[in-house]
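Quick one: structure below, then a few questions.
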Amino acid sequence: MEFNPGVGQELSTLVCTFAQPLAMRLSKRIIVALFRLTRTWNLLILVFAQYFTAWFLLKAHIFTDWRLLMLTASSALIAAGGYVINDYYDVKIDLVNNPNRVVVGRSVPRRFAILLHGLLSMAGIALGIFLSWWIVAINIFSVSLLWFYSNLLKRLPFVGNLAVALLTGTSIAVLNVLYYQSNLLVIIYAVFAFFMTLIREVIKDMEDLKGDNTFGCKTLPIVWGIRKTKSFIYGMVAVFAAAVLFINQVYVKLPLIYFLMMLFVPLAWLVMQLVKADTKRDFSWLSSFCKVIMLLGILSMALV
């Protein structure tokens, strides 16, 4: 039996015809999964916040400052690694709370997720070496706290919320470390980021109550119930507002109208909506609205 080269070429063409689109679809699916896994939009907001802080509060020359570029890249890599390890440990909980959001174990293998977390975190720490040993220390602290948060702290009442809020505030305060300054406006915005993240994390716990309770987590809504947790948030909002006003009055003295329009009105709206909230959808919306307030806070730096 003779081999017909034409048949081989046709078979090869047929395989390529089907294989190339399939490979493209798989590649696109993996890229989309990695974007979702590392919360790319959140990383962009983080970078945006650090650049705004450097530009408007510290008056840095952001377009020519390689050190700022290194810092934002370092922060983004560490945050991305934190999102990956968090999803790695939360697969079962997320299957209950947000099954459509689960990536690890589906589009991304669990072993690859662990490897990706390690690579992102080590790269973030390594970039800090080019800046200062203080930055390296902060990066190591951040990576360690993100791992402990994902593995243990987030299942404890309030401790996990506090850890995430501390890391968010640090991402702003670290600009003072980079530029060897003690800028009080940077401290105010770091306090703002800390409290808004703390409020958002507790609201997210109310949103994720079902899955957290199923797998034995002890978040505030599970330990206290929704009503007491809401009262706790009202108290946090009051402390937050008082802290910002105190720091401003004693140290900075910006016009009160600035805080009224950019902070207190959105916070008042948040509280009014929280009073009425009682479903997972309500709490999800409030969690997203906290991001809007955070973004307004970042944009307000241009008005200082």
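Out of all the residues in segment 33-53, is one or more modelled with pLDDT under 90, more than 21 Å from residue 295 (Cβ to Cβ) and not in a helix (DSSP H, G or I)?
No, because not a single residue in segment 33-53 is modelled with pLDDT under 90, more than 21 Å from residue 295 (Cβ to Cβ) and not in a helix (DSSP H, G or I).
Do the conditions hold for residue 180, that is, is it of a type in the set (Ser, Thr, Tyr) and either surrounded by fewer than 22 Cβ atoms within 10 Å (Cβ to Cβ) or in a loop (DSSP other than H, G, I, E, B) (or both)?
It is true that residue 180 is of a type in the set (Ser, Thr, Tyr) and either surrounded by fewer than 22 Cβ atoms within 10 Å (Cβ to Cβ) or in a loop (DSSP other than H, G, I, E, B) (or both).
Please go through segment 43-68 and give me each residue that is more than 16 Å from residue 173 (Cα to Cα) and surrounded by 14 or more Cβ atoms within 10 Å (Cβ to Cβ), ordered by number.
Selection gives 43, 62, 65.
Which one of the conditions (1) aliphatic (A, V, I, L, M); (2) under 20 Å from the mean Cα position of the chain (by Cα); (3) under 30 Å from residue 29 (Cβ atoms) does residue 96 fail to meet, given that it meets all the rest?
It fails just one condition, (2).
In segment 106-127, how many residues are over 14 Å from residue 83 (Cβ atoms) and buried (at least 20 other Cβ atoms within 10 Å of the Cβ)?
The number of residues fulfilling the criteria is 2.
Would you mind stating whether residue 79 is small (Gly, Ala, Ser), under 30 Å from residue 303 (Cβ atoms), part of a loop (DSSP other than H, G, I, E, B) and out of contact with any Ser or Thr (no Cβ under 7 Å at 6 or more places or on another chain)?
On the way: small (Gly, Ala, Ser): yes; under 30 Å from residue 303 (Cβ atoms): yes; part of a loop (DSSP other than H, G, I, E, B): no; out of contact with any Ser or Thr (no Cβ under 7 Å at 6 or more places or on another chain): yes.
Taking the combined requirement at face value, the residue does not satisfy it.
Next question. Would you check which residues across segment 88-97 are in contact (Cβ under 8 Å) with a residue 40 or more places away in the chain and not hydroxyl-bearing (Ser, Thr, Tyr) and list them?
Matches in segment 88-97: 90, 92, 93, 94, 95, 96, 97.
Looking for whichever is assigned to a helix (DSSP H, G or I), modelled with pLDDT of 95 or more and closer than 25 Å to residue 88 by Cβ here; the options are 168, 229. Which one fits?
Testing whether each residue is assigned to a helix (DSSP H, G or I), modelled with pLDDT of 95 or more and closer than 25 Å to residue 88 by Cβ leaves just 168.
Among the residues of segment 40-89, which ones are among the aliphatic types (A, V, I, L, M) and touching a strand residue (DSSP E or B) at 6+ places or on another chain (Cβ under 6 Å)?
none
Another question, if that's okay. Six or more apart or on different chains, Cβ atoms under 8 Å: show the pairs whose first residue is in segment 264-285 and on the phi > 0 side of the Ramachandran plot and among the charged types (D, E, K, R) and whose second is surrounded by fewer than 17 Cβ atoms within 10 Å (Cβ to Cβ) and at pLDDT 95 or above.
So the pair list comes out empty.
Applying the selection to segment 54-76, what residues are part of a helix (DSSP H, G or I), touching a helix residue (DSSP H, G or I) at 6+ places or on another chain (Cβ under 9 Å) and of a type outside the set (A, V, I, L, M)?
55, 56, 67, 72, 74, 75
Considering only residues that are assigned to a helix (DSSP H, G or I) and either modelled with pLDDT of 95 or more or touching an Asp or Glu at 6+ places or on another chain (Cβ under 7 Å) (or both), which ones fall in segment 213-222?
220, 221, 222
Check whether at least one residue in segment 160-168 is in contact with a Cys (Cβ under 6 Å, 6 or more places away or on another chain) and either buried (at least 17 other Cβ atoms within 10 Å of the Cβ) or in contact (Cβ under 8 Å) with a residue 40 or more places away in the chain (or both), and report yes or no.
As a first pass, look at segment 160-168 and keep what is in contact with a Cys (Cβ under 6 Å, 6 or more places away or on another chain): none.
Within segment 160-168, none of the residues are in contact with a Cys (Cβ under 6 Å, 6 or more places away or on another chain) and either buried (at least 17 other Cβ atoms within 10 Å of the Cβ) or in contact (Cβ under 8 Å) with a residue 40 or more places away in the chain (or both).
Within the bounds of segment 204-212, is there any residue that is touching a residue at least 60 places away in the same chain (Cβ under 8 Å) and outside any helix (DSSP H, G or I)?
The answer is yes, given that some residue of segment 204-212 is touching a residue at least 60 places away in the same chain (Cβ under 8 Å) and outside any helix (DSSP H, G or I).
Given the structure, is residue 133 at pLDDT 95 or above, crowded, with 17+ Cβ neighbours inside 10 Å and among the aromatic types (Phe, Trp, Tyr)?
Taking the combined requirement at face value, the residue does not satisfy it.
Quick grid of which residues meet (1) surrounded by 12 or more Cβ atoms within 10 Å (Cβ to Cβ); (2) within 17 Å of residue 276 (Cα to Cα); (3) in contact (Cβ under 8 Å) with a residue 40 or more places away in the chain:
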| position | (1), (2), (3) |
| --- | --- |
| 226 | yes, yes, yes |
| 240 | yes, no, yes |
| 244 | yes, no, yes |
| 250 | no, no, no |
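The values are calculated or read from the model by the stated rules, or taken from the named source; none is laboratory data. Since the structure is predicted, the reported quantities are computational estimates derived from the model, not experimental observations. Heads up, the Cβs are rebuilt from the backbone with ideal geometry, glycines too, and the neighbour counts pull from every protein chain shown.
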